[in-house]
Amino acid sequence: MSATQRRKNRIPAYPLWITLPYTLFVAVLTPFYWLRYGPGNFLWFSDIALFALLIVLWTGNRLLYSMMAVGVLPLELAWNIDFLTRGRLIGLAAYMFDPQEPAHMRVLSGFHLFLPVLIVYMLIRQGYDRRALKAQTVFAWMVLLASYWLTRPEKNINWVHGLGPGPEAQTILPPRAYLGFYMALLPVVAYLPAHLLLKRLFRP
């Protein structure tokens with residue numbers, strides 16, 4: 001059996017010292033998040049990335065983490081920068097310093113700190129799948145539609161009602177017009193630049 005075949009047959013695909021603690025963490029986080037925030041919260045792109053990387057650790061699926069690199073990595077880096085300013089820069093991480101948020105929930109939300117590190121590690125280890133841009137775009141459209149139709153407007157999951165908290169985040173466009181504009185703009189403004197940069201930085 002060749003080295004490549006041995007790697008393909010190995011379960012999990014990544015070292016146990018990463019895979020097992022990560023799996024345990026996700027198993028602990030899931031019921032707490034479900035009870036505190038409800039199932040719709042798992043439609044956030046960051047939460048989807050959390051589960052996607054769990055699949056990658058066990059399977060080594062390169063397209064899956066490449067999609068998360070295109071769609072989630074820039075946002076996670078912005079979250080980390082905001083965290084260093086205690087949420088004062090753009091407000092993404094402000095809830096981490098809100099005393100009204102239970103301490104254990106803030107600890108669990110610390111996954112945002114290591115998520116980008118893990119994505120970059122996977123990119124270095126396995127390279128970047130060039131199909132990620134198209135795949136992430138289609139996937140994101142499905143997630144955004146689900147966020148719009150299946151969750152309450154006040155939650156504003158993935159900002160489908162406006163770039164900010166609550167359903168009144170934007171009042172310029174009709175809700176569905178804003179959603180269509182957002183879906184059209186997101187791949188061009190966010191995903192395409194990330195794809196071009198990742199394609200240059202990491203091997204195919």
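Just so it is clear, none of the values below were taken in a lab; they were calculated from the coordinates. Worth saying up front: this structure is predicted, and the values here are computed from it rather than measured.
Given contacts defined as C-alpha pairs under 8 Å and at least six residues apart, what's the relative contact order of the chain, whole-number percent?
Taking the mean separation of contacting Cα pairs over the length of the chain, I get 21 percent.
Pulled fully out, how much extra length does the chain show between Val189 and Arg152, if you take 0.36 nm times their separation in residues and subtract their Cα-Cα distance?
Stretched out fully, the Val189 to Arg152 stretch lengthens by 10.7 nm.
Take the chain, connect every pair of alpha-carbon atoms lying under 10 Å apart with a spring to form a Gaussian network, then pick out the residue of Pro31, Pro99, Pro153 with the largest mean-square fluctuation.
Among Pro31, Pro99, Pro153, the largest GNM mean-square fluctuation belongs to Pro99.
Summing -39500 (n - 2.57) over the DSSP H runs of n ≥ 4 in the chain and dividing by its residue number, what mean residue ellipticity at 222 nm do you reach, to the nearest 500 deg cm²/dmol?
For the chain, the value works out to -20000 deg cm²/dmol.
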